[in-house]
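Here the structure is laid out as structure tokens; the discussion comes afterwards.
The values are calculated or read from the model by the stated rules, or taken from the named source; none is laboratory data. A quick note: this is a predicted structure, and the numbers were derived from the prediction, not measured. When we count neighbours, we look across all protein chains shown, and the Cβ atoms used for this are built from the backbone with ideal geometry, even at glycine. Heavy atoms of the whole protein, side chains included, go into the accessibility calculation; ligands, DNA and RNA do not. Shrake-Rupley method; radii C 1.70, N 1.55, O 1.52, S 1.80 Å.
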Amino acid sequence: MVKQYQGKVRVVYKNLVVHPEAVMEAHLGGCAAARQGKFMAYKHAFWDQGFGAYQAARDPSKLGGENLRTIAKGVGLDLTRFEADIKDAGCQKEIDDDMRELDRFGVNGTPAFFVNGTFIGGALPPDKFKEIIDQRLAVAEASGVPASDYYQKEIFEKGEKKFRSKKDPKPN
């Protein structure tokens, strides 16, 4: 869906580790893959061969260890570097920082999205998601603020300290 907006939409992924005992290593693997410029390939492969395979068979081995290395190899990662990065304190710090930031904005489940400050908790049908994106883009474009500055100037600098949903409007 993002491609149809031709550079008007930016996607930022943050780690929300809901079941750390089961998926922390997978999140660390995502960090390691990002360091090699292959986060998206790894993410897609993990959702198919890791989480999807786990859901199908309820086999916890699909979420970590050897399967993560198989996935990493399959997307062309340097496995020696992948292993080192998974163990690197920097990847753990990145995940911890993401968790603190998401907690600051009250995110406690997945999936969760923010579209120009509007919180969307949970999955939506693509047409409803597109409707929200189109509405928020229209507001941004009408503001006259350059797209590269919009979020900082119109969301944060105007006093918004919390991402809000339509059900939680900004107080007057």
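If I go through the range 43-68 residue by residue, how many of them are assigned to a helix (DSSP H, G or I), open to solvent by 50 Å² or more (accessible area, probe 1.4 Å) and free of Cβ contacts under 8 Å to residues at least 12 places away in the same chain? Don't jump to the end; show me each part of the working.
Looking only at the range 43-68, we keep the residues that are assigned to a helix (DSSP H, G or I), and these are 43-57, 60-63, 65-68.
Those left that are additionally open to solvent by 50 Å² or more (accessible area, probe 1.4 Å): 44, 47-49, 51, 54-57, 60-62, 66.
Then drop every residue that is not free of Cβ contacts under 8 Å to residues at least 12 places away in the same chain, which leaves 44, 47-48, 54-57, 61, 66.
Of the residues in that region, 9 qualify.
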Next item on the list: Could you tell me whether the range 124-140 includes any residue that is surrounded by 13 or more Cβ atoms within 10 Å (Cβ to Cβ), at pLDDT below 90 and more than 15 Å from Val11 (Cβ to Cβ)?
Entry: no
Note to self: I need the full set of residues from the range 1-42 which are in a loop (DSSP other than H, G, I, E, B), open to solvent by less than 60 Å² (accessible area, probe 1.4 Å) and farther than 21 Å from Pro126 by Cα, in order please.
What the structure shows: Asn15, Leu16, Val17, Gln36
Next item on the list: Could you look through the range 141-154, keep only residues that are open to solvent by 60 Å² or more (accessible area, probe 1.4 Å) and of a type in the set (S, T, N, Q), and pick out the one that is farthest from Val11 (Cα to Cα)?
Entry: Gln152
Next item on the list: List every residue pair whose Cβ atoms lie under 7 Å apart, where the two residues are 6 or more positions apart in sequence or sit on different chains, the first residue falls within the range 7-23 and is of a type in the set (S, T, N, Q), and the second residue, located anywhere, is open to solvent by less than 80 Å² (accessible area, probe 1.4 Å).
Entry: Asn15/His27; Asn15/Ile95; Asn15/Asp98; Asn15/Met99
Note to self: Suppose we filter the range 108-117 for residues that are among the hydroxyl-bearing types (Ser, Thr, Tyr) and crowded, with 18+ Cβ neighbours inside 10 Å; how many remain?
What the structure shows: 0
Checklist line | Any hit, the range 90-110, residues being in contact (Cβ under 8 Å) with a residue 60 or more places away in the chain, among the hydrophobic types (A, V, I, L, M, F, W, C), out of contact with any Cys (no Cβ under 7 Å at 6 or more places or on another chain) and part of a loop (DSSP other than H, G, I, E, B) | finding: yes
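Go through Lys14, Lys3, Lys8, Lys38 for me and flag whichever is among the charged types (D, E, K, R) and modelled with pLDDT of 95 or more. So that I can check it myself, show each step before the final result.
Values: Lys14 fails: modelled with pLDDT of 95 or more; Lys3 fails: modelled with pLDDT of 95 or more; Lys8 fails: modelled with pLDDT of 95 or more.
Answer to the selection: Lys38.
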Next item on the list: Consider only pairs whose beta carbons are under 7 Å apart and that are at least six residues apart or on different chains; among these, list those whose first residue lies in the range 69-88 and is open to solvent by less than 50 Å² (accessible area, probe 1.4 Å) and whose second residue is assigned to a loop (DSSP other than H, G, I, E, B).
Entry: Val75/Lys38; Gly76/Lys38; Leu77/Gln36; Leu77/Lys38
Notebook entry, point to check: Which members of the range 90-107 meet the condition of being closer than 14 Å to His27 by Cβ and open to solvent by 50 Å² or more (accessible area, probe 1.4 Å)?
Noted result: Gln92, Lys93, Glu94, Asp96, Asp97, Met99
